[in-house]
Amino acid sequence: MAGSSLVLSDDSRLSKLDQSLYRLESVLALVSGLAVFSLMVMAVFSVGGRNLINQPLPGYVDWIEQAMPLIAFMGIAFAQRDGGHIRMDMLVGALRGRSLYIVEFITTAVILLVMVLLVWGSWAHFDRSFDFSAPMWSRDSSMDISLPLWPAKLLAPVAFSVLCLRLCLQLWAYGRAILSNAVKPVAVPLVADAATQAAMEAEHVSGHDN
């Protein structure tokens, strides 16, 4: 266990793939965070321009629309890897051994099915917007300063595809745990009790203080 993560690792191929994908997910999550920071900076410029020279930042709403997929989608695989999404921990935490892994395998498989459909649908949405022969390769644009919309629409299938890779790895890990009845499987988020969560949060805060 590293840091505050509840995902264990070892020398197996599964764990190495998990670590490699986690590095990509961390980069995407960082990009998402930078997008939030950029919107904060743009808000300062827009409000400051309005108050000082009566001229807000042109296309501010358009840029917000472009940044929304970055904020909403790019960090979802990172959160899935660490078990950061909404979960029924009280129910799942009551299960142990193979029963727990079977439930996790089934729910992960259902999520994967949904995400594959979302990849297909979001790619079709991007494809309707992208056109090499059109100005700026776009069939549509934003209302104010005419930003092409296809880059923002492309982010959804890209982020969802990374999440599908994460879900496939977790299915592999849960399947292996079902067969071996492992006590502490690798590459999947483990359910922590209240005491463990408190200890992890204390470690996280003390690490920032240092």
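The values are calculated or read from the model by the stated rules, or taken from the named source; none is laboratory data. Because the structure is predicted, anything quoted here is derived from the model rather than measured. Heads up, the Cβs are rebuilt from the backbone with ideal geometry, glycines too, and the neighbour counts pull from every protein chain shown. The accessibility values were calculated without ligands, DNA or RNA, using every heavy atom of the protein model including side chains. Shrake-Rupley method; radii C 1.70, N 1.55, O 1.52, S 1.80 Å.
Scanning segment 131-181 for residues that are of a type in the set (A, V, I, L, M), touching a residue at least 24 places away in the same chain (Cβ under 8 Å) and under 30 Å from residue 96 (Cβ atoms) yields 163, 165, 167, 169, 171, 173, 177, 178.
All of 192, 182, 109 fail the test of being in contact with a helix residue (DSSP H, G or I) (Cβ under 9 Å, 6 or more places away or on another chain), modelled with pLDDT of 90 or more and small (Gly, Ala, Ser), apart from 109.
In the set 103, 119, only one residue is surrounded by 12 or more Cβ atoms within 10 Å (Cβ to Cβ), in a helix (DSSP H, G or I), among the β-branched types (Val, Ile, Thr) and under 17 Å from the mean Cα position of the chain (by Cα); that residue is 119. Looking only at residues of segment 124-157 that are assigned to a loop (DSSP other than H, G, I, E, B) and among the hydrophobic types (A, V, I, L, M, F, W, C), we find that the one that is surrounded by the fewest Cβ atoms within 10 Å (Cβ to Cβ) is 132. Among residues of segment 81-99 being in contact (Cβ under 8 Å) with a residue 12 or more places away in the chain and in a helix (DSSP H, G or I), the one that is most open to solvent (accessible area, probe 1.4 Å) is 98. Residue selection: residue 45 fails the criterion of being closer than 30 Å to residue 167 by Cβ and out of contact with any Phe, Trp or Tyr (no Cβ under 6 Å at 6 or more places or on another chain). Among residues of segment 18-53 being crowded, with 16+ Cβ neighbours inside 10 Å and farther than 18 Å from residue 76 by Cβ, the one that is nearest to the chain's Cα centre (by Cα) is 39.
If you check 27, 92, 31 for being of a type in the set (A, V, I, L, M, F, W, C) and more than 18 Å from residue 160 (Cβ to Cβ), only one passes: 92.
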